[in-house]
1. Taking the stretch 14-58, which residues are among the hydroxyl-bearing types (Ser, Thr, Tyr), in contact with a helix residue (DSSP H, G or I) (Cβ under 7 Å, 6 or more places away or on another chain) and modelled with pLDDT under 85?
2. With the condition kept exactly as written, say whether any residue in the stretch 574-583 is in a helix (DSSP H, G or I) and basic (Lys, Arg).
3. Read through the list (1) buried (at least 24 other Cβ atoms within 10 Å of the Cβ); (2) part of a helix (DSSP H, G or I), then give the number of the only condition that residue 548 fails.
4. Is it the case, given these coordinates, that residue 370 is among the hydroxyl-bearing types (Ser, Thr, Tyr), assigned by TED's automatic domain parsing to the domain that holds residue 489 and in a loop (DSSP other than H, G, I, E, B)?
5. Taking helices (runs of 4 or more DSSP H) that do not extend beyond the stretch 72-153, which have at least 1 residues that are of a type in the set (A, V, I, L, M, F, W, C) and surrounded by fewer than 19 Cβ atoms within 10 Å (Cβ to Cβ)?
6. Checking residue 248 against (1) modelled with pLDDT of 90 or more; (2) on the phi > 0 side of the Ramachandran plot, which test does it fail?
7. Pairs needed: first member in the stretch 557-577, in the same structural domain as residue 386 (by TED's automatic domain parsing); second member anywhere, assigned to a strand (DSSP E or B) and surrounded by fewer than 24 Cβ atoms within 10 Å (Cβ to Cβ); C-beta distance under 6 Å; at least 6 residues apart or different chains.
8. Of all residues in the stretch 345-383, count the ones that are more than 21 Å from residue 414 (Cα to Cα) and either free of Cβ contacts under 8 Å to residues at least 12 places away in the same chain or more than 19 Å from the chain's Cα centre (by Cα) (or both).
Amino acid sequence: MATTDEQNSHTNARPQLVNGYVAMAFDELATLLELQGESPFKTRAYRVFADLLRELPESISAVLARGQLEALPGVGKAIAGKVEQLARTGQIDALVRVRTEVPPQLMDLLRLGGLGPAKVRRLWQDAGVTSLEELRDACRDGRVAKVVGFSPKMQEKLLPLVDAALATSRHVLLSEGLVIAAQLLDDLSHAGAKVARTAGALRRGTETLEEIVLVVAGLSPVEAARAIGDAGASEADGVESDAVERQGRYEIALEPIEAWPPAGVLATPAGRAGPRIRLRCVAELAVAEAMLVETADAAHLDALERRAAERGRTLHELAASARDEDEIYAALDLPRTPPELREGGLVEVPEALLPTRGVRGVFHVHTTWSDGTGSIVDMARAAHAAGFAYVGISDHSRAASYANGLDEARLEEQAAALELARREVPEVVILHGVEVDVMADGSLDLPDDTLARLDFVVASLHTSFQLDEATQTQRILRAVSHPLVTILGHPTGRLLLGRPGYGFDVELVAAAAAANGTYLEINASPSRLDLSPPLARRAAARGARFCINPDAHETRGFGDVALGVAQARRAGLRSDQVLNSQDAATIVQTLRARRATARAKLGLAS
């Protein structure tokens, strides 16, 4: 997954189909067909192709240009034809057709935890529910409980999730916004833009987005609008006259993606109503100022304006002749503030702020031993390919029966499999761990003597989210205080745009974790990004340290680590506060020493 600033390095080139964007289109087609009742066997080919695209090391456009689409695994004439059509016309006819047959707002329901295509189809067919608003009404009048596969209890649980989803109905995940922006940047670059860069909340790395901001130089507002799909854009149609002019620099606010462009592939994942696209068209000399102004939030900009006023100038005056953002900060006698920290006024930038590529290895990785899709060898090779020096395998424990969790005997078998994998993939250090369930009383799902044989332990809550805050706090305190627990996984249990986290006293848990040497996870899975930066800052203030992990269930999951790093940087974390900023030799030594201490505390033989 490219970081936001890495996406900003675009130059003029042939038009490209961004792999992730095409993958989203095929995922959407598969989902819509499932909502129509198609067999999963029929739609699986589209999903497999989407996964292939996300891991393809070259552009699908390059493969298409060589005429080798059907040489890719699992790609036949039907899929190849759809890709060719997309490259030629900007749309897939089958996707356009099925979008007219399935109520588009049904896709919003899939954001809710526990609702897959089959259940959403039942709500649609049996209760007439086609949107979040209608689902809220159906929950309130009791219709949901009468649908096959639902119950009064499920109906009760759904209502607050629906209300939360309605409040963020136009938001997309950071990962989705990056993919959308990548395609738009490429379109603008091909149209002749001399500069095309991401700004706004996307560049700051905010977990979810309701607006995607792009700074463009070298195109007029009309040309820019046409480049990204508004074929009818013209001065006569009011594009330029309706644009907002800021000191001679235009911005264009396009409609949310749900209607833009009509019938095109450019839609948010699964056809959801999406974020607004805003283009800031400027002269090349004004790019530095535009990037600063469009990236920072209002509080940060206000602080900069006040600092400029203290020098008898305006921010615009100081920025007008700047070649880059560094020069603007220098004119204000400030060090450059990284994009991730341009929120909430001026902040002190740590000298040792975690670098964007500051994670050297990862833990919390699943394999086919539980609910992952790659073998130990597959995941180890993928970790090495992603540039990591070590990888911690941590499949689910036995309580997670839904995920084929491991008991003591299977963990022992897995240890033998890891030894073989270490010989097969010597380029990366493979560590053995487990993601052990924290039970409702705070105890762990596996006995101490089993956990003590592992290199590390990730302890996570997967059930009993409904406990009150005081009880939940005591439960987590017991877990993070256990000598053998290395990392508290996805600490709040939230699912972005789907499920709020459970409540607990963050300060108490952070202090206990610090006292026990337990690390709090910043889970980099796009739908989690948990802990949030505000909570991580509060935890850090109580002495807690952290570990950034992908929670990878497939090989492409290692690319998500960049998203977790962005959250750590937004929290202002230093490298010395992040466990996996250390090299492999130090990590191995740290884990061995920690395990020996834990064994001694528990009275276990070494």
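The values are calculated or read from the model by the stated rules, or taken from the named source; none is laboratory data. What you are looking at is a predicted structure, and each value in this text was computed from that prediction instead of being measured. Neighbour counts are summed over all protein chains in view; Cβ atoms, including those assigned to glycine, are modelled from backbone coordinates with ideal geometry.
1. 21
2. Taking every residue of the stretch 574-583 in turn, none turns out to be in a helix (DSSP H, G or I) and basic (Lys, Arg).
3. (2)
4. Answer is yes for this residue.
5. 77-89, 93-101, 117-127
6. (1)
7. That search, which allows pairs on different chains as well, returns 577/545.
8. Going through the stretch 345-383 one residue at a time, the tally reaches 10.
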